Amino acid sequence: MAEPQFRFDDGAAYERVMGAWSRLAGEVFLDWLKLPSGLRCIDIGCGNGAFTELLVERCAPAEVQGIDPSPAQLAFARDRHKANVAKFQQGDAMALPFGDNEFDAATMALVIFFVPDPVNGVAEMARVVRPGGTVAAYAWDMLGGGFPWNQVQVEMRALGLKVPYPPSASASRMDALHELWTGAGLEAVETREITVERSFPDFDVFWATSTLGPSIAPTIAAMPIADAEVLKSRVRAKQPPDSAGRITYSARANAVKGRVPE
């Protein structure tokens, strides 16, 4: 069986599986940041532009530069963005293609656990932001059970199936985020938990949505039908519906923000 993967390289697939979750958490995150309008912003690991679009809608920046390593994700981001405020280009979070102090704020939404060297990644965020500017991120609490598909993954592992964590999963812990931000020399560092809830009309919709991701779908597709049904039954038992048959599920992210010293 092929090794399961974690990262999306398809913007449309990301939108189907993670788009709603991303917007729910992103709205809480932006409310917490309270960024003024008219800023020059950089969105690092912008993916298919889901959070970038939310940043433009909610904060009215003068400019946003979206950076991501995936050409397919960037193509989706460019197609979805109609306001001509955001520009998207391929780039590496650990070697941003910008000079020092070019931005007023840097954000990293649901990405830091993908950065091979988070220390370097945060240092790059701080480098490209002017003194007094904001550096902020949020990430699903991967090791603490906060990931939207966590219940499915728990049952897969209980059955002996291999489900990968992203390469820097430990960076999503609250204490790790605080240490990364203070270690980068950022000031006024604050953290907070973001809990969001999503309802599905029934279990089948919940199951279909939760099993489309790249860390899950290939493994389930390769399973014998009987084994896949066992897995589905185990997950169903942990997600009882309400009186109307709806399934309500919550996810949890950890967020951090700090200021570049003046």
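The values are calculated or read from the model by the stated rules, or taken from the named source; none is laboratory data. All values derive from a computational prediction rather than experimental measurement. Note: ideal-geometry Cβ built from the backbone for every residue, glycine included; neighbour counts use all protein chains shown.
If the requirement is being at pLDDT 95 or above, within 20 Å of A251 (Cβ to Cβ), in contact with a strand residue (DSSP E or B) (Cβ under 8 Å, 6 or more places away or on another chain) and of a type in the set (A, V, I, L, M, F, W, C), which of these qualifies: V64, V56, V28? Answer to the selection: V28. None of A86, A72, A77 is surrounded by 20 or more Cβ atoms within 10 Å (Cβ to Cβ), at pLDDT below 95 and either more than 18 Å from the chain's Cα centre (by Cα) or not acidic (D, E) (or both) except A77.
If you go through region 121-177 and keep only what is among the polar types (S, T, N, Q), surrounded by 17 or more Cβ atoms within 10 Å (Cβ to Cβ) and under 25 Å from S250 (Cα atoms), you end up with N150, Q151, Q153, S168, S172. The helices (runs of 4 or more DSSP H) found wholly in region 138-225 and carrying at least 1 residues that are modelled with pLDDT of 95 or more occupy 150-158, 174-183, 203-210. Only a single item in (1) modelled with pLDDT of 90 or more; (2) touching a Ser or Thr at 6+ places or on another chain (Cβ under 6 Å) is not met by F6, and it is number (1). Taking A136 as the residue in question, decide whether it is of a type outside the set (V, I, T) and out of contact with any helix residue (DSSP H, G or I) (no Cβ under 8 Å at 6 or more places or on another chain). It is false that A136 is of a type outside the set (V, I, T) and out of contact with any helix residue (DSSP H, G or I) (no Cβ under 8 Å at 6 or more places or on another chain).
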